[in-house]
Amino acid sequence: MSGPGSGVTLDDVRVAFAARDGDGPVVAVDGVTQEIPARGFVSVVGPSGCGKSTLLSVIAGLRGATSGRVEIDGRTVSGPDRDVGVMFQEDSTLPWKNVTDNVRFPLQIARLPRTEQAARAQDAIDLVGLGGFERRYPAELSGGMRQRVALARTLAMRPSVLLMDEPFAALDQQTRLLLGAEVRRIWGETHQTVLFVTHDISEAILLSQQVWVMSYRPGTIIDVVDVDLPDDRDASVVSTPRFNELQNRIWEKLRAESMRGFAQENQVPA
Amino acid sequence: MSVRAPEAVAGTARRPAVRRRRRRPGSGLVSALATVVLVVLAGAVAEVGARAGWWTPDVLPAPSDILPATAQIVAAPEFWPDALRTGTELLLSCVFGVLAGLLLGVAFWKAPGVGRVFEPYLVSFYAVPLVLFYPIAIVLIGINQWSVIVLASIMTAIPMTLNTWTGLRAIPPVYLKLAASIRCSRSQTLFRVALPAAAPYVFAGLRLGVVYALIGTVAMEFTTAQAGLGYQIRYLYESFDAVGMYAYILVIVAVSVLLTAVLEIAERLLLRRRDA
């Protein structure tokens, strides 16, 4: 393990896959050359279907790039790495395990000593505010609580890079704001390198230091926006003029892309 | 999801309703009481009918005759070789059938092309009374317990295969992404993620499979065998010993009730709190 905070380097990453209807490859991601500094918090926003989740899968090593290279902490990514934690949009808590056992699961797979497993699981559970729910089963928890379990499970591995694929997209607005603030607080404590994929512009600005704006297919980064808001910001910054400027700038870029995506997705087949 | 496996789907679709019913307070007690009342009522009608001469004792003897006869038969040493024979056949066909079903279900899941080739045959085998192949099994294997075990194993394996496969195909893809991201090995992915996730389906298949094994075993003994509980029923039937025949029937009914109850309890213990 390389400790918290490894930089992520993307070098001309391109991902293409065969289209379902068989006419030529679909290019999901193209020519992405970017860098996330160690301990940085970067969000990716883009219209739905723009390949932002695909990009995350490539960084996670769950899918290979067609060409180009991904490096984490100087090493080329060739497959999933325990030093890289992934959190998914869908509910990934295992319904036959209680909260503690869910959080311990990756630690068991990694064959950590039992006492270490227990200590790390408890730390992570406390960190995400699930103390007191250790013996509950996912079926007894709300959607937001289950995503907290998934977050705790990812954090318990103590990864140096945290990849989050629209983790709160399925939750209601209030829960999402709350959990966003939690992620920000936890990042302040643990200082992992974070890549956060979302389609919510204000969520991206609220959470991150930098926002990458992605185009509709083929997904390229069309703008990189540095978020120069104070580090100890909370949800009240949404009413500041600077927040509005940032939001407008990103929305200007995204609107055209969303329209293009909408037109293509709803095309009547000839 | 396909609807091509009617039994497999029926076996599992029932589950949520059962669970919800269980959560209503006191419903277990109510249904247990209702069962007891029904059994007692049926027994009383049978008793009164036999005593009053509504039917002759060859059709249905009075329960007050059957029950002591059952106790006597079970206490007699000649009962146990038959029980042992049927029990062995049942146990072995359950073990073989369940293992084969799990293995095939996993294999079909891993190789969907192979699965798609065999699926129509498996599903149509559901509709075929496999007992029909008993004469062939006798020709191939002989009149012994192995011909029963082989066929009953197949009868068990079919619902196990279909349900295991259906269950594995129904796993949320994110579980497998999770397994990959935390670097589970292939066997860890199968045994610690995929099969536990498919457990409710596997259990439904197990319940069907065990019941099929019992039906198959008794039915085949009933037609042609030299020993076993089914054979005894046939023998007593042909020698007009109605009381003895009903006593053996009662024993088999008791075994099936016991099996169902054990599986139900095991399922509740293993899957408890999984879905609220």
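No value in this document is a laboratory result; all are computed from the given coordinates. Quick caveat: nothing in here was measured; it's all calculated off a predicted structure. Positions of Cβ are generated from backbone atoms using ideal geometry, with glycine treated the same way; all protein chains shown enter the neighbour counts.
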- Item | Overall Cα dimensions of region A:136-270, principal axis frame, Å, largest first | 52, 40, 28
- Item | Shape box of region B:60-197 [Cα atoms, principal axes, largest first, Å] | 65, 33, 26
- Task: Order these peptides, B:175-183, A:8-16, by their mean beta-carbon neighbour count within 10 angstrom, highest first.
- Result: B:175-183, A:8-16
- Task: Could you run the Karplus curve 6.51 cos²θ - 1.76 cosθ + 1.60 with θ = phi - 60° over region A:233-238 and give me ³J(HN,Hα) per residue in whole Hz, x for Gly and Pro?
- Result: 5, 10, 4, 6, 5, 4
- Message: From the Cα trace of region A:77-215, what convex hull volume per residue do you get, rounded to a whole Å³?
- Response: 118
- Please identify, among A:GLU116, A:GLU166, A:GLU35, the residue showing maximal mean-square fluctuation in a Gaussian network model of chain A using a 10 angstrom Cα cutoff. A:GLU116
- For region A:93-158, what is the relative contact order in percent, using Cα pairs closer than 8 Å and at least 6 residues apart in sequence? 51
- Item | Calculated FRET value between A:ARG260 and A:ASP172, using beta carbons and R₀ = 30 Å, to 0.05 | 0.55
- Message: Between region A:178-226 and region B:143-172, what is the separation of their alpha carbon centroids in Å?
- Response: 50
- Message: At 37 °C and a viscosity of 0.692 mPa s, what translational diffusion coefficient does Stokes-Einstein give for region B:33-75, taking Rh as the Kirkwood radius over Cα pairs? Give it in µm²/s as a whole number.
- Response: 296
- Query: By what distance, in whole Å, do the Cα atoms of region A:150-229 stretch along each of the three principal axes, largest value first?
  - Reply: 35, 28, 27
- Task: Hey, could you get me the Stokes-Einstein D for region A:1-129, Kirkwood radius over alpha-carbon pairs, 25 °C and 0.890 mPa s, rounded to whole µm² s⁻¹?
- Result: 145
- At q = 0.06, 0.11 Å⁻¹, what is the log10 ratio I(q)/I(0) for the protein assembly as shown, with the Debye formula run over Cα points and no solvent? -0.45, -1.03
- Query: Out of B:ALA242, B:ALA42, B:ALA194, any idea which swings most in a Gaussian network model of chain B, alpha carbons joined below 10 Å?
  - Reply: B:ALA42
- Computed E for A:ARG185/B:VAL128 - FRET, C-beta separation, R0 60 angstrom, nearest 0.05: 0.45
- Note on the structure: Here region A:173-186 yields Karplus 3J(HN,Hα) values (6.51, -1.76, 1.60; θ = phi - 60°; whole Hz; Gly and Pro given as x) of 4, 5, 4, 5, 4, 4, 5, x, 4, 4, 4, 4, 5, 5
- Item | Kirkwood hydrodynamic radius of region A:93-158, Cα pairs, Å | 11.3
- Task: Work out, in µm²/s and without decimals, the Stokes-Einstein translational diffusion coefficient of chain B at 4 °C, 1.567 mPa s, Rh from Kirkwood over C-alpha pairs.
- Result: 61
- Query: Pairs A:LYS52/A:LYS253; A:LYS253/B:LYS177; A:LYS52/B:LYS177: which exceed 25 Å Cα-Cα?
  - Reply: A:LYS253/B:LYS177
- A:MET214's amide H: which non-local residues (gap 5+, or another chain) put their own amide H closer than 5 Å, with H modeled 1.01 Å from N in plane and none for Pro or chain starts? A:VAL45, A:GLY46, A:ILE222
- So, for the Cα atoms of chain A, Rg and Dmax in Å stand at 18.7, 63
- Task: Sort out for me the Cα centre separation of region A:35-87 from region B:34-68, rounded to whole Å.
- Result: 74
- Item | Rg to Rh, two decimals, where region A:188-249 supplies the alpha carbon set and Rh follows Kirkwood | 0.97
